[in-house]
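Here the structure comes first, spelled out in structure tokens, and everything after it is commentary.
Values in this text are rule-based calculations from the coordinates and carry no lab data. Since the model is a prediction, treat every value here as computed from it, not as a measurement. Cβ placement follows ideal geometry from the backbone for every residue including glycine, while neighbour counts extend to all protein chains displayed.
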Amino acid sequence: MNKHLSGVQKVQETEHLWVPMPDGIRLAARLWLPIGATEQPVPALVETIPYRKHDMVRARDERNHPFFAQHGYACLRVDMRGSGDSEGEMPDMYCEQELADARHVIDWIAQQQWCNGRVGMFGTSWGGTASLQASISAPSALKAVIAVCATHDRYEDDIHHKGGLLLTDTFEWGATLPAILASPPSDQVGPDWMERWKTRLETLSFPVENWVSEEARGTYWRHGSIKHQTDHISCPVLAVGGWSDRYSNSVMSLVDARSDLVWGIVGPWGHHYPDQGHPGPGIGFQHLALRWWDHWLKEETVPDWPRLRVWLREFEDPADAIDVRKGRWIESGPAGQQTANRRLFLSSTGLTDTPSKTDFDLKHDLGVGQASGDTGYFGRFGGLPLDQSEEDARSLALDSPPLESDVVLFGGAKVILTVSAEQARSQICLRLCDVAPDGRSNRVALTVRNLALDDALDEPDNCFANEPRQVEIRFHTKAYRFARGHRIRLSIGTSYWPLVWTPPELTDIRITDGYVDLPCHEGEIAALQMPLPEPLDLPAEKTHQVLAAPRLSRHRRIDDDGNMVSGWHQGETAVHHPAIGTTFAYQTSGEMQLQPENPLSASCDFKHMMRFERPDGIARIETALRTRCTRSFFLLDGTLTVQWNGSPFHEISWKRSIPRNHS
């Protein structure tokens, strides 16, 4: 360790440089170096994402990378191939070339004169998942990673499917990603930037077609899902998540799978770096990360940290937005080593400790799901689940007796059901709720299941219609305290719109046996021995100006014809970056509609706009995607329009009919 580099240092910045790939394509990077690193090399950190280093997430980059550089690290923010200022094409997320590029970038960094050969990789969301993927049989130079809001299972825990069912979020992302990739490179790539832009637009892909077509898990979704190859993790991983973000399921799972190499932290927040976490309390990500990097990249020591530090949630008034969650920080080892199973059986009187004969016909109600809130994928303000009691009354709701003592759920609950369905293409949607003595119902966990697929969600199940079969359905991992006097409720329905696309028809489903297994924390619950760092307001001197930041608005109504309408609108948000003379602005909206008795009436519309006001002109990119369905097809209707200085520059219209074989 270079002692004179251990304190806060001056930093030199390179706004743009090229990282060459073996096939001749160049990736664009922004570099922050501690002064003197070219004479005395330092460890390096890299973040590789498709979100435009020059403008789109420039403010976020400047919260993290300069801070690490001031503390003795060379830092690179790299635009992925086919995005931002980088060359090449991006046909889909997590393609083979993307994974190979990340490894080449790491090797290239390790060979630079300012790097001592030790590299760390980090990121959030796509960047966090890319970091996890790089940890598999990692390049020798990669010594540690931090994966924030990352997924280890692209099929179950990503933005596209859950339990073998299609999520409407896949269409929102299907409208948003093309807008990002269709945005122009900056003039830093050279005077031919406009020609490069035209080429990129002519080869632009709409990967939503793949996401909808690949209905079962299969090889498409297994690719890049490190859940299936955790034995090949070969460098230390710090996995960070938030309970209000569905990607948080990866944290406990990875710690359980590789307690020798993975540490985990899960807070109450949504899809954000935790220093910007909402709901709070957030934590100081930069100081936390710095401690991690110092251990592995400078001191070469194993941190004396608990394997898991999680926010233990508890009951609170359900609301769209909560600034600070109720609960407390706790620490433990892997969840699987800290729990004992508590089994509750389904019965005519509710959830009981002893087996009982059951015979339930599930209610059909396409209105269940309107109190679901948001999924958390996009980090929007609010969108937390609302009071579930009304929707519980419209479902099969089974309660435990009032609890005689606290029960701490710690891990992923599992439900085993014996079911028979009139049609294989049917849905079961389950909610685990905490019911207060006054009847308020707080959703703790949600899971869904496509009965057309086997338990591995790989293949169609070979059952016959109306034949009883046993299915296993898993909830995501949680840390939650059910208080004494409260009741545990399992609510079961046959759909969950607008989060989950509707089934092709309403069919009879019967449950004749079942139970829920709750992994409950054993013994004393340890409070944090060392407090997590407080959030920092970085950078100290702001490098950007927020021109507009209206709060997102949500709406929900039932029209005169009974049509259920729900959606949201994020008004134009604009940030100005004086250093590059550029203002980046965006706005986005979504609306879902459904007739309450007709699952084939489902439709969703998403729109996204991005605008770049630059010294050399103004680019405006707009995308729209409308999705409808028949019994046999998903019908997609998309447009992308690009303007330069107010004049048409490029336009794409496309329609697709995609078979729905299982969903």
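Taking the mean number of other Cβ atoms within 10 Å as a proxy for protection, how do you rank 494-506, 529-541 from highest to lowest? Don't skip to the end; give the middle numbers.
On the way: 494-506: 22.8, 529-541: 12.4.
Output ranking for 494-506, 529-541: 494-506, 529-541.
So if we plug the beta-carbon distance of ASP561 and GLU472 into 1/(1 + (r/R0)^6) with R0 = 56 Å, what FRET efficiency do we get, rounded to 0.05?
Values: r = 40 Å, r/R0 = 0.72.
Efficiency at R0 = 56 Å is approximately 0.90.
Using packing as a proxy for protection, rank 518-528, 160-170 so that the peptide with the highest average count of other Cβ atoms within 10 Å comes first.
On the way: 518-528: 15.2, 160-170: 23.6.
Ranked from most to least packed, the peptides come out as 160-170, 518-528.
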field: Protection-proxy order for peptides 142-151, 116-125, 316-325, each taking the mean of Cβ atoms within 10 Å per residue, highest first
entry: 142-151, 116-125, 316-325
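Give a quick list of trypsin sites (Lys or Arg not before Pro) in region 500-569 that DSSP marks as loop, anything other than H, G, I, E or B, with at most 15 other Cβ atoms within 10 Å. Don't skip to the end; give the middle numbers.
Details: sites: ARG510, LYS542, ARG551, ARG554, ARG556, ARG557; in loops: LYS542, ARG551.
Here the sparse-neighbourhood loop sites are LYS542, ARG551.
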query: So what's the Cα pair-distance distribution over the chain, bin width 10 Å, in %?
result: 3, 16, 26, 27, 18, 8, 2, 0
message: Going by Cα centres, region 539-617 and region 402-480 are how many Å apart?
response: 33
- prompt: Stretch VAL546-GLU299 to full length: gain in nm at 0.36 nm per residue minus the Cα-Cα span?
  reply: 85.0 nm
- prompt: Okay, helix-only estimate at 222 nm for the chain: each DSSP H run of n ≥ 4 adds -39500 (n - 2.57), divide by all residues, round to 500 deg cm²/dmol; what do you get?
  reply: -4000 deg cm²/dmol
Karplus (6.51, -1.76, 1.60) ³J(HN,Hα), θ = phi - 60°, over region 603-611, in Hz, Gly and Pro reported as x: 8, 9, 10, 10, 10, 9, 10, 10, 9
- request: Report, by chain and number, residues whose modeled amide H sits under 5 Å from the one on ILE283, excluding near sequence neighbours (fewer than 5 apart, same chain).
  value: ASP275, GLY277
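Just need the relative contact order of the chain here, percent rounded to a whole number, with Cα pairs under 8 Å and 6+ apart.
Values: 1723 pairs, mean separation 79.2, N = 663.
Dividing the mean separation by the residue count of the chain yields 12 percent.
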- prompt: Going down the table (LYS198/LYS607; LYS162/LYS227; LYS53/LYS607), which pairs top 20 Å between alpha carbons?
  reply: LYS198/LYS607; LYS53/LYS607
Linear extension gain, GLN12 paired with ASP616, 0.36 nm per residue minus alpha-carbon span: 214.8 nm
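How high is the FRET efficiency from VAL324 to ARG631, r the C-beta distance, R0 60 Å, rounded to 0.05? Please report the intermediate quantities before stating the final value.
Values: r = 46 Å, r/R0 = 0.77.
In this case the efficiency is close to 0.85.
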field: Debye equation applied to the C-alpha atoms of region 52-163, log10 I(q)/I(0) at 0.12, 0.21 Å⁻¹
entry: -0.44, -1.38
